[in-house]
1. Quick check: is even one residue across the stretch 88-97 part of a helix (DSSP H, G or I), open to solvent by 10 Å² or more (accessible area, probe 1.4 Å) and either touching a residue at least 12 places away in the same chain (Cβ under 8 Å) or touching a Gly at 6+ places or on another chain (Cβ under 7 Å) (or both)?
2. For Ser139, indicate whether it is part of a helix (DSSP H, G or I), in contact with a Leu (Cβ under 9 Å, 6 or more places away or on another chain), surrounded by 14 or more Cβ atoms within 10 Å (Cβ to Cβ) and without any contact (Cβ under 8 Å) to a residue 40 or more places away in the chain.
3. Any idea how many residues of the stretch 142-166 are among the basic types (Lys, Arg) and not in a helix (DSSP H, G or I)?
4. How many residues does the stretch 100-126 hold that are open to solvent by 10 Å² or more (accessible area, probe 1.4 Å) and of a type in the set (Phe, Trp, Tyr)?
5. Look at Ser170 and say whether it is part of a strand (DSSP E or B), at pLDDT 90 or above and touching a helix residue (DSSP H, G or I) at 6+ places or on another chain (Cβ under 9 Å).
6. What residue, of Arg191, Arg147, Arg129, Arg177, is of a type in the set (D, E, K, R), under 22 Å from Asn91 (Cα atoms), buried (at least 22 other Cβ atoms within 10 Å of the Cβ) and modelled with pLDDT of 95 or more?
7. State all residues of the stretch 98-133 that are touching a residue at least 24 places away in the same chain (Cβ under 8 Å) and of a type in the set (Lys, Arg); if no residue qualifies, say none.
8. Are any of the residues in the stretch 1-23 open to solvent by 40 Å² or more (accessible area, probe 1.4 Å) and farther than 22 Å from Ile304 by Cβ?
Amino acid sequence: MQTVSPIFKLPKHLYIETTSRCNLRCRGCILHRGSWELQRDLSLKELIMICDQLPKLERVALHGIGEPILNKELPNMIRYLKERKAFVFFNSNGILLDEICQNQLIDTGLDELRISLDASSPAGYKTMRNSDKFNLIVSNVQAFSERIKSLHASHPKLSLWYLGTRENISELPGFVRLAAALGITEVYLQRLVYFQDHEGYGLARPEKTLMDSNPAVAELIHESYEIAKRSGVQFNASGLRNPLESLQTGIRNPLPWKRCYRPTTLMYITANGNVLPCCISPFSTSDYDSIILGNVFDNSLAEIWSGHRYRAFRKKRKTENPPKCCKGCGILWSL
């Protein structure tokens, strides 16, 4: 690997998929149609090799398409990153969040754990995630919340996440109530992402989105906001907007992708080493090859960051005809 002077400073933020394996096949997830890549766990050694190339690493998300807790080396990965003084977080479906796992995550110094739930009832969970694990997950989250409080631990912060679709929006107020009952003080409403160049799969289809939906949806979101306010729960969109704004198509900003900061500030790396523009891109185009900007097992991060694929992607993003994965994206709406 040769030494390269990057055009942009190497990123301080990193999204790294610790495993591409998952124990669910959610109807809104790309795994519902089949994985883009071979099932694989990233090793601790590989993670260190990657992160050691980023001397000013500040923030690391240890998730991608798979379920991070399936990787047995996850606790040691978190410990390594905390030794680097990075802020570390990941998303989980919560199925494997048993007592042993809870203690490990507290001991590692994990900063934040985001539980993706998408429902407030077993029936709703079955509809969204094709699983009967709702009650188990709720029990796990409640136990973890109580454990953190009993230990007077400052971390990890817990939050609940909700993928909003026409299938489950009616359960959003109940979801906020559930969060309050579990002692969770933050909930997030996520926009549905779907292919812009294909008919889609499962729930990931244009007709299932809440984008520019009817007044009844706005009323449910407003009701959820009021419940959250009364309950001491922060109700947020998955980004730097409020939940209702996050569901607008951006009439005032018709080319939102031109303002996206991700191609110049962060990297997303899969368990197979592929570097992608962001964690949203695998869900927004059926042309997976078009979003692969390099591979960390073939080239250094500096070579990839300043390579011709990244440069071409950044240039095209500034036009009225952006890369396929950017066309359906908003701005400031996904963390």
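The values are calculated or read from the model by the stated rules, or taken from the named source; none is laboratory data. Just so it is clear, the structure is predicted and the values come from calculations on it, not from any experiment. Reconstructed Cβ throughout: ideal geometry from the backbone, glycine too, with neighbour counts over all protein chains shown. Remember, those area values only see protein heavy atoms, side chains included, never the ligands or the DNA or RNA. Shrake-Rupley method; radii C 1.70, N 1.55, O 1.52, S 1.80 Å.
1. Here is the first cut: in the stretch 88-97, the ones part of a helix (DSSP H, G or I) are none.
Checked against the condition, which is being part of a helix (DSSP H, G or I), open to solvent by 10 Å² or more (accessible area, probe 1.4 Å) and either touching a residue at least 12 places away in the same chain (Cβ under 8 Å) or touching a Gly at 6+ places or on another chain (Cβ under 7 Å) (or both), the stretch 88-97 yields no hits at all.
2. no
3. The initial filter retains those residues of the stretch 142-166 that are among the basic types (Lys, Arg), namely 147, 149, 157, 166.
From the residues that got through so far, the ones that are not in a helix (DSSP H, G or I) too are 157, 166.
Number satisfying all stated conditions: 2.
4. Residues that pass the stated criteria total 0.
5. On the way: part of a strand (DSSP E or B): no; at pLDDT 90 or above: yes; touching a helix residue (DSSP H, G or I) at 6+ places or on another chain (Cβ under 9 Å): yes.
In short, no.
6. Arg129
7. Scanning the stretch 98-133 gives Arg114, Arg129, Lys133.
8. There is at least one residue in the stretch 1-23 that is open to solvent by 40 Å² or more (accessible area, probe 1.4 Å) and farther than 22 Å from Ile304 by Cβ.
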